[in-house]
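Heads up, the thing below is written out as structure tokens.
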Amino acid sequence: MSMNTTMDPPNTVGRDSFIEKFGSSGAYLLTPVSRDVSGELQIHEELAILKKTLYLRDAWEIGPRDVDALAFRPDDVVAIPKGRSNPPIQALLKLYNVRSDA
């Protein structure tokens with residue numbers, strides 16, 4: 001069983017800031033968050049996991065046997081750089097019948 005949440009922010013400011021801070025600190029805390037009955041966010045710092053590795057890659061580099069393939073949705077559009085022959089994402093796009101912006 002797996003569960004994922006896709007966030008669609010209006011810009012990349014938060015992501016860019018996270019990557020910059022990770023670059024300078026070399027670590028981050030993966031912390032679960034829930035909502036209480038009133039809808040307020042509850043941060044569970046006692047359950048935080050210290051992470052010292054971050055993998056960043058382009059979507060076109062992900063293939064069907066990759067754990068990150070679970071994050072793709074049928075309505076995703078993946079940009080594939082010109083000149084890339086047979087990128088891994090092509091096989092995943094075929095499996096899920098997802099559009100590509102080649």
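The values are calculated or read from the model by the stated rules, or taken from the named source; none is laboratory data. If you're wondering where the values come from, they're calculated on a predicted model, not measured in any experiment. Here the Cβ positions follow ideal geometry from the backbone for every residue, glycine too, while neighbour counts run over all protein chains shown.
Only a single criterion out of (1) free of Cβ contacts under 8 Å to residues at least 12 places away in the same chain; (2) of a type in the set (A, V, I, L, M, F, W, C); (3) farther than 27 Å from Asp76 by Cα is not satisfied by Val33, namely (3).
Restricted to region 48-75, and to residues that are hydrophobic (A, V, I, L, M, F, W, C) and assigned to a helix (DSSP H, G or I), which residue is surrounded by the fewest Cβ atoms within 10 Å (Cβ to Cβ)? Can you show your working first?
Initial filter on region 48-75 (hydrophobic (A, V, I, L, M, F, W, C)): 48-50, 54, 56, 59-60, 62, 67, 69-72.
Filter once more, keeping what is assigned to a helix (DSSP H, G or I): 59-60, 67, 69-71.
Values: Ala59: 18, Trp60: 20, Val67: 8, Ala69: 16, Leu70: 10, Ala71: 14.
Step by step, filter region 48-75, then rank; the result is Val67.
Applying the set (1) touching a residue at least 12 places away in the same chain (Cβ under 8 Å); (2) out of contact with any strand residue (DSSP E or B) (no Cβ under 7 Å at 6 or more places or on another chain) to Arg57 leaves exactly one unmet item: (1).
Yes or no: Ala27 among the hydrophobic types (A, V, I, L, M, F, W, C) and either surrounded by 12 or more Cβ atoms within 10 Å (Cβ to Cβ) or in contact (Cβ under 8 Å) with a residue 60 or more places away in the chain (or both)?
Values: among the hydrophobic types (A, V, I, L, M, F, W, C): yes; either surrounded by 12 or more Cβ atoms within 10 Å (Cβ to Cβ) or in contact (Cβ under 8 Å) with a residue 60 or more places away in the chain (or both): no.
Considered against the rule, which asks whether it is among the hydrophobic types (A, V, I, L, M, F, W, C) and either surrounded by 12 or more Cβ atoms within 10 Å (Cβ to Cβ) or in contact (Cβ under 8 Å) with a residue 60 or more places away in the chain (or both), Ala27 comes out as no.
All conditions but one from (1) under 20 Å from Ala79 (Cα atoms); (2) among the β-branched types (Val, Ile, Thr); (3) at pLDDT 95 or above apply to Thr6; the one that does not is (3).
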